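The values are calculated or read from the model by the stated rules, or taken from the named source; none is laboratory data. Small disclaimer: the values here were computed from a predicted structure and weren't measured. Neighbour counts are summed over all protein chains in view; Cβ atoms, including those assigned to glycine, are modelled from backbone coordinates with ideal geometry.
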Amino acid sequence: MRAGDDLRKRTLRMALAAVKQTEIDKGIVMDEAGLTAILHKEIKSRREAIADAQKANRPDLSSAAEQEIAVLEEFLPKMLSAEELEAIARQVIAEVGAASPKEMGLVMKTLLPRVQGRAAGDVVGQTVKRLLTN
């Protein structure tokens, strides 16, 4: 705030407001997993705003939303690379003893909590499916 970065200040205030609103609505104190989920939700809403701005031919709004996403992403854990995700998935597959795509649900149930906030669910699913079919 002292640096005078209005974009950063505005974005962080919106994120804090979302956290406070969730805490009040649910009557809980937010933990780290909850904060990560809220940041992902805020980023998702801005990505939707970018799509809407592009449809409306408003590059100024699209640019502002992209800058807000960059600010929010600073507070998220580092995303897993494809190789790291595959290594974790192989480890979980070995742990649960899965051998076919029929056991994908069991693998996902164990794997998703380990990669929560560091990998998208659809990417995790595709990786597990590919490993189980091979």
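A few remarks follow.
- With respect to the stated conditions, A3 fails to be small (G, A, S) and at pLDDT 90 or above.
- Here A99 clears all of (1) surrounded by 13 or more Cβ atoms within 10 Å (Cβ to Cβ); (2) out of contact with any Gly (no Cβ under 9 Å at 6 or more places or on another chain) except the condition numbered (1).
- The set of residues from the stretch 59-117 being among the basic types (K, R), under 18 Å from the mean Cα position of the chain (by Cα) and more than 30 Å from K9 (Cα to Cα) comprises K109, R114.
- Restricting V92, V124, V107 to those that are over 21 Å from T36 (Cβ atoms), assigned to a helix (DSSP H, G or I) and among the β-branched types (V, I, T) reduces the list to V107.
- For the stretch 88-115, the set of residues classified as modelled with pLDDT under 90 and hydroxyl-bearing (S, T, Y) consists of S100 only.
- Here R118 clears all of (1) modelled with pLDDT under 90; (2) closer than 25 Å to N134 by Cα; (3) part of a helix (DSSP H, G or I) except the condition numbered (3).
- Residue that is farthest from the chain's Cα centre (by Cα), among those in the stretch 31-47 that are surrounded by fewer than 16 Cβ atoms within 10 Å (Cβ to Cβ) and more than 22 Å from S62 (Cα to Cα): D31
- Some residue of the stretch 8-24 being over 26 Å from A120 (Cα atoms), over 17 Å from the mean Cα position of the chain (by Cα) and polar (S, T, N, Q): no
- Flag if A51 is among the small types (G, A, S), more than 17 Å from the chain's Cα centre (by Cα) and part of a loop (DSSP other than H, G, I, E, B): no
- Out of L76, L85, L72, L61, sole residue that is over 30 Å from K129 (Cα atoms) and either in contact (Cβ under 8 Å) with a residue 24 or more places away in the chain or in the same structural domain as G121 (by TED's automatic domain parsing) (or both): L72
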